[in-house]
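These notes concern the structure reproduced below.
The values are calculated or read from the model by the stated rules, or taken from the named source; none is laboratory data. For clarity, every value in this text was computed on a predicted model and none was experimentally measured. Positions of Cβ are backbone-derived with ideal geometry, glycine not excepted, and every protein chain shown enters the neighbour counts. Just the protein is used for accessible areas: all its heavy atoms, side chains included, with ligands, DNA and RNA removed. Shrake-Rupley method; radii C 1.70, N 1.55, O 1.52, S 1.80 Å.
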Amino acid sequence: MNKKKIYPWVVVGLLWVVALLNYMDRQMLSTMQEAMKADIAELNKAEAFGALMAVFLWIYGIVSPFAGVIADRFSKKWLVVASLFVWSAVTFLMGLATNFSQLYVLRALMGISEALYIPSALSLIADWHEGKSRSLAIGIHMTGLYTGQAIGGFGATVAAAFSWEETFHGFGIIGIVYSLILMFFLKDNPEREAEKKAMIHSEKTKAPALHGIAMVLSTWAFWVILFYFTAPSLPGWAVRNWLPTLFSQDLNIPMSSAGPISTITIAFSSFIGVIIGGILSDRWVQRNIRGRVYTSAIGLFLTIPALVFLGFGHSLVAVVGAGLCFGVGYGMFDANNMPILCQIISAKYRATAYGIMNMTGVFAGALITQVLGKWSDGGNLGLGFAMLGVIVALAVILQLAFLRPTTDNVE
């Protein structure tokens, strides 16, 4: 009995490290433009750098629904292990790139491998955690993403001390080694695996492998979730990919300083946000089935004024304060996406549903990344950030008006 209580949290701990590596490897590129452009001339243009960041998102988005389908039909453990190994190998190879085309291809390959992780990991945590601990468990896992984002912000700092090639090599090797460790310690939930095998066996003669996508899309409440998840993804990805640049421009500081300041600000506040959002949601849902929805809405509301101040603030206090407010709010939202999904979608199709959500959110991120690249070249990056608050406000209104779950766990 004690093992049954402890191991679900062991899973969260093991995946926390993977989440850290996931965001660290993708985020550090956003701060390394300055270090790399001396060797790769195309990176001297912000629009080209934006395209390099965006290709990851486009590929990641395309693969995400299929990654979810795969996670619902095969071992989530082995998908996590394989995903980590491949994207870490790609990170290592980026240190060997000598031109923009090679970076572009490797960044696309990273999008494929990383897309397999989130649907598998979040549904694996949901398998092991139910009821009173689900939002907190997922929230703690999300802190790994934010910590990785913060460490990735030191990419330029590490590259300045060594070289950008050695930076990619070092982080890549760490991930490869950890993927081997996971092979021995990470486990699927045996009860869920038994249910999965029974489901697949019963569907072999009457339903195709993509049956789960059709089932998810036929649930009207999922479309509400899809919009309220996608809309905040616009500022979410904008912050991840362009906040270091915005800090550098607004505060007139070098990227080697702006990168750590911006990413630590968001990571620290998001860390607080997911813990608050997880605990509040898990307690509130015991008294009111819409408690998770309300917690998420509060978080999104906090991001609206934060985006305005990020866009128009020009002092350290204003910009960092806005970053802290955005991080807390986004963390509260982030901790409750999968738990709210569990209130709407059957356990059989959660990874598939999250894969679809990931696709739309990432496509929104790819679009805004490229658009803000052009706006940055024109000196309007701050205005772009402020305008995103209007879209988030619409998402909050629709979320509160239409999301009305009747249970906390659809089987």
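So what is the relative contact order for region 271-411, in percent, with contacts set as C-alpha pairs under 8 Å and at least six apart?
That works out to 37 percent.
Take the Cα gyration tensor of region 259-411, multiply each eigenvalue by 5, square-root it, and list the three semi-axes largest first, rounded to whole angstrom. Let's see the in-between values first.
Numbers: eigenvalues 175, 64, 36 Å².
Taking √(5λ) for each eigenvalue gives 30, 18, 13 Å, largest first.
Rounded to the nearest 20 Debye, what is the dipole magnitude of region 98-173 about its Cα centre when Lys and Arg each give +1 and Asp and Glu each give -1 at the C-beta?
The calculation lands at about 180 debye.
Where does the chain land at 222 nm, in deg cm²/dmol rounded to the nearest 500, when only DSSP H runs of n ≥ 4 count, each adding -39500 (n - 2.57), divided by all residues?
-28000 deg cm²/dmol
Normalised by the residues of region 1-127, what does the relative contact order come to in percent, with Cα pairs under 8 Å and at least six apart?
On the way: 104 pairs, mean separation 43.0, N = 127.
Here the relative contact order equals 34 percent.
Report the residue, chosen from Val317, Val69, Val90, that carries the largest GNM mean-square fluctuation when the chain is represented by alpha-carbon nodes joined by springs under 10 Å.
Taking springs between Cα atoms under 10 Å, the residue moving most is Val317.
Heavy-atom accessible area of Ser113 with all protein chains present, probe 1.4 Å, nearest 10 Å²?
10 Å²
Going from most exposed to least, what order do Leu103, Leu302 have by accessible area with a 1.4 Å probe?
Values: Leu103 0, Leu302 55 Å².
If we order Leu103, Leu302 from most to least accessible, we get Leu302, Leu103.
Hydropathy at least 0.0 by Kyte-Doolittle, axial extent at least 24 angstrom from the Cα trace: which helices of the chain, defined as entire DSSP H runs, fit?
Span-like helices here: 2-27, 46-73, 76-94, 134-152, 164-185, 220-251, 255-287, 291-312, 316-334, 350-377, 381-402.
Kindly report, to the nearest 10 Å², the accessible surface of Lys76 as traced by a 1.4 Å probe over protein heavy atoms only.
10 Å²
In square angstrom, what is the accessible area per residue of the chain with a 1.4 angstrom probe?
Result: 38 Å² of accessible area for each residue.
Relative contact order for the chain using alpha-carbon pairs under 8 Å, separation at least 6, rounded to a whole percent?
27 percent
Place a +1 charge on the Cβ of each Lys and Arg in the chain and a -1 charge on the Cβ of each Asp and Glu, then give the dipole magnitude about the Cα centre in debye, rounded to the nearest 20.
Dipole size: approximately 1260 debye.
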